[in-house]
């Protein structure tokens, strides 16, 4: 049985950043990474970008570490292996190939998995997801076959970006969503109106409050049948219906789970010598004073770096205002802080739809905790500082709603 000082489950940006930080500070400790993907670290962000999916950008640009990086840094990589159980008493990890590994310090950084689309015919060639490099490869191959019509399921960042790519190649796009409007509830209805206007302007057909009953065709996709009985002919289907958090294998360990792995502000789990980082961690956010999951690249990177320091004996709290942006159809949609739709939130719109520059502040107990922005990205850095600074917006609602008011003035209040 192999034993490691530091064992990391997950080979994405959180896990690999942790391994890199560990090696920089501990030149002798044994390190291993277990990943269920067959690949070394690659840029997951790049997968939905136009230049990559259309083949304009060289495929090898996706790699974030050279092949020999793991060997050079004496990091053993167990690729294509999935963890199946954790025994905190013996400090051992079981893998799906029957192998058992022991650890002194363990990091869980498995991220999330694609939510499988369980409708009849979803296994047909031409049905796509986009979470892994292999998913992207399949899309790249299909785009090179001259496909003509696509149906997109779901409404979120990746839907928006891929729809833009498809339309730029002259592919007909029909958007089918269960929601009342695009990006609900992450955006307000007013903000979504700006986004939907751009989609329609670029020829995207939007079908709301609807689901697909069946994917039609023999081996290959020939169309979809909606629940209202309507048929839409297509040769590609993009099932972007969200993700699932893989924690079932941890239940037997007794670890505290809450739609993810529950941690404190130091990213420590309820089990000694076990930490969690990245998309799977529901951590205590000391800025927002709440338990949150922030599934984006920058948060995962920073958590990986910081959690490694705590595994080495430091005691550092993770403090970062999460933010990310999505670009498509010449628009930029940005999110900052806590954008969850909850009953205790108050929303203040900023700007107007006519100018295509609209956003909203999200307040909890009067305090600014989040924001969404359509083409107001220039304000993102200031808004992040407002959230970080625990700024009270309860008596500044007029200023927050005024698109001409300089938000930087609130930083000195």
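Using 0.36 nm per residue and subtracting the Cα-Cα separation, the extra length available between residue 25 and residue 116 on full extension is 28.8 nm. Computed extension length for residue 388-residue 325: 20.8 nm, one decimal, from 0.36 nm per residue of separation with the Cα-Cα distance subtracted. Using R0 = 30 Å, the C-beta based FRET efficiency linking residue 145 and residue 45 works out to 0.70. With the highest mean first, a sort of the peptides 399-407, 207-215 on other beta-carbon atoms found within 10 angstrom per residue produces 207-215, 399-407.
Length available on full extension from residue 342 to residue 169: 0.36 nm per residue minus the Cα-Cα distance, which gives 58.4 nm. Going 7 Å from the Cα of residue 184 toward and past its Cβ, which residues in segment 318-347 have a backbone nitrogen under 20 Å from where you end up? It comes to 339-347, nothing else.
When peptides 64-73, 9-18, 241-250 are ranked by their average number of other Cβ atoms within 10 Å per residue, the highest-first order is 9-18, 241-250, 64-73. Projecting label points 7 angstrom from Cα along Cα→Cβ for residue 251 and residue 61 puts them 4.4 nm apart. Classify segment 186-233: rounded, prolate or oblate, from the alpha-carbon gyration tensor (a ≥ b ≥ c, eigenvalue square roots; a/c under 1.5 rounded; otherwise prolate if a/b is larger than b/c)? Because a/c hits 1.5 or more and a/b exceeds b/c, segment 186-233 counts as prolate.
In terms of its C-alpha gyration tensor, the chain comes out oblate, because a/c is 1.5 or above while a/b does not outweigh b/c. For the pair residue 73 and residue 402, label points projected 7 Å from Cα toward Cβ lie 5.0 nm apart. Run through the DSSP bridge list for segment 71-184 and note the antiparallel percent, rounded to the nearest 5. Approximately 60 percent, going by the DSSP bridge assignments. Simple spin-label estimate for residue 353 and residue 298 gives 2.9 nm between the two label positions (7 Å along the Cα-to-Cβ direction from each Cα). In the chain, helical runs assigned H by DSSP with n ≥ 4 each contribute -39500 (n - 2.57); averaged across all residues and rounded to the nearest 500, the mean residue ellipticity at 222 nm is -6000 deg cm²/dmol. Overall form of segment 333-388: oblate. Here a/c, set by the Cα gyration tensor axes a ≥ b ≥ c, is 1.5 or more, and a/b is not larger than b/c.
Rule-based calculations on the coordinates, nothing more; no lab input. Keep in mind that this is a model prediction, so the values were computed, not measured. Cβ coordinates were reconstructed from backbone atoms using ideal geometry, including for glycine residues, and neighbour counts include every protein chain displayed.
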